[in-house]
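The values are calculated or read from the model by the stated rules, or taken from the named source; none is laboratory data. The shown structure was predicted, so the numbers you read here are calculated from the model rather than taken from an experiment. When we count neighbours, we look across all protein chains shown, and the Cβ atoms used for this are built from the backbone with ideal geometry, even at glycine.
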Amino acid sequence: MRSLEPADSRDTVLSCINTSRWFGGLQAMKNVSLEIKRGEILGLVGPNGSGKTTTVNAITGFFPPQEGEIWFGDVQLNKLLPHQVAQQGIARTFQNVALFKGMSVLDNILLGRHNFMQPSVLRAMLYWWSAQPEEIANRDKVEDIIDLLQLESVRDEHVDVIPLGTQKRVELARALAAEPTFLILDEPMAGMNQEEKEYMVRFILDAQEALGLTILLIEHHMDVVTAICDRLVILNNGEKIKEGLPQEAISDPAVIEAYIGKVGAEHD
């Protein structure tokens with residue numbers, strides 16, 4: 001739910017402070033700082049290669065920053081491994097669909113519950129008394145997510161045979177199954193047609209309202225980010241070039257130059 005509370009008065013959920021990351025001689029992040037307030041949708045946008053996914057990978061522990069700090073509440077994330085970051089209540093989707101082929105929609109979503117499962121040989125031997133109640137509880141949570149994202153009609157289908165737009169929804173469902181408080185969506189509408197984009201926007205907003213999420217959204221579609229984001233942070237060449245309200249941010253001359261080149265520039 002889009003909070004009516006002013007963003008400045010809300011708690012800071014996540015903050016990146018002067019974060020930098022190199023890959024060999026390429027500096028993919030250059031002193032990037034940003035804050036995300038509780039309950040807001042922050043859009044992280046920029047041209048291809050601007051550092052958006054690098055920023056997300058830094059937050060989630062895949063490629064921690066070599067300089068700077070990332071804080072989730074009072075926990076410093078850049079000291080944690082990816083699975084430890086997930087245990088803090090942070091979940092993500094991926095730019096390219098990362099579902100497990102040959103498995104059903106239901107089984108893919110159940111994998112999002114891995115942080116809540118406690119497998120062991122003893123529990124397997126005592127299945128009816130120990131493991132079965134846990135399995136039922138996890139399945140109940142998954143069924144709630146399936147209902148929320150309206151995936152009932154494909155719950156038993158293999159993910160290989162369902163459309164891309166539905167696959168993206170399954171990936172969102174798997175992330176929600178982890179019961180996050182902070183959700184990172186990395187281009188959730190990539191490759192979708194207009195109708196599929198509109199459905200995905202609705203499901204994201206429904207999930208935020210139902211689950212009380214704070215969301216970091218990476219997206220190329222400007223019509224989407226200006227419609228649903230509270231604020232935008234815009235990157236170019238690994239640096240933050242603008243932060244502000246959506247319409248104000250995308251109208252900034254530096255942002256326009258980053259996307260289409262400098263107006264009036266001489267050409268050879």
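Cβ-Cβ distances below 9 Å connect the following pairs, each with a first residue in segment 139-156 that is crowded, with 20+ Cβ neighbours inside 10 Å, a second residue that is among the hydroxyl-bearing types (Ser, Thr, Tyr), and a separation of six or more residues or different chains: Leu151/Thr166; Val154/Ser104; Val154/Thr166. The residues of segment 166-183 that are surrounded by fewer than 23 Cβ atoms within 10 Å (Cβ to Cβ) and assigned to a strand (DSSP E or B) amount to a single one, Phe182.
When segment 190-224 is filtered for residues that are small (Gly, Ala, Ser) and either at pLDDT below 95 or exposed (fewer than 14 other Cβ atoms within 10 Å of the Cβ) (or both), the ones remaining, listed by number, are Ala190, Gly191, Ala210, Gly212. If you go through segment 97-113, how many residues are free of Cβ contacts under 8 Å to residues at least 60 places away in the same chain, of a type outside the set (Lys, Arg) and not in a strand (DSSP E or B)? Qualifying residue count for the region: 5.
In segment 94-107, the condition of being surrounded by 16 or more Cβ atoms within 10 Å (Cβ to Cβ), on the phi < 0 side of the Ramachandran plot, of a type in the set (Phe, Trp, Tyr) and at pLDDT below 95 is met by at least one residue.
Please indicate, with yes or no, whether at least one residue in segment 194-202 is more than 20 Å from Leu164 (Cβ to Cβ), without any contact (Cβ under 8 Å) to a residue 60 or more places away in the chain and over 15 Å from the mean Cα position of the chain (by Cα). Looking through segment 194-202, none of the residues is more than 20 Å from Leu164 (Cβ to Cβ), without any contact (Cβ under 8 Å) to a residue 60 or more places away in the chain and over 15 Å from the mean Cα position of the chain (by Cα).
A single member of Ala254, Ala265 is under 21 Å from Leu34 (Cβ atoms), aliphatic (A, V, I, L, M), at pLDDT below 95 and loosely packed, with under 14 Cβ neighbours inside 10 Å, and it is Ala254.
Comparison of Leu245, Leu185 shows that the only residue that is in contact with a helix residue (DSSP H, G or I) (Cβ under 9 Å, 6 or more places away or on another chain) and in the same structural domain as Ser50 (by TED's automatic domain parsing) is Leu185. Scanning segment 223-242 for residues that are in a strand (DSSP E or B) and in contact with a strand residue (DSSP E or B) (Cβ under 8 Å, 6 or more places away or on another chain) turns up Arg231, Leu232, Val233, Ile234, Leu235, Glu239, Lys240, Ile241, Lys242. Apart from one condition, Gln132 fits all of (1) at pLDDT 95 or above; (2) assigned to a helix (DSSP H, G or I); the exception is (1). The residue of segment 48-72 that is farthest from the chain's Cα centre (by Cα), among those that are surrounded by fewer than 16 Cβ atoms within 10 Å (Cβ to Cβ) and either outside any strand (DSSP E or B) or modelled with pLDDT under 95 (or both), is Gln66.
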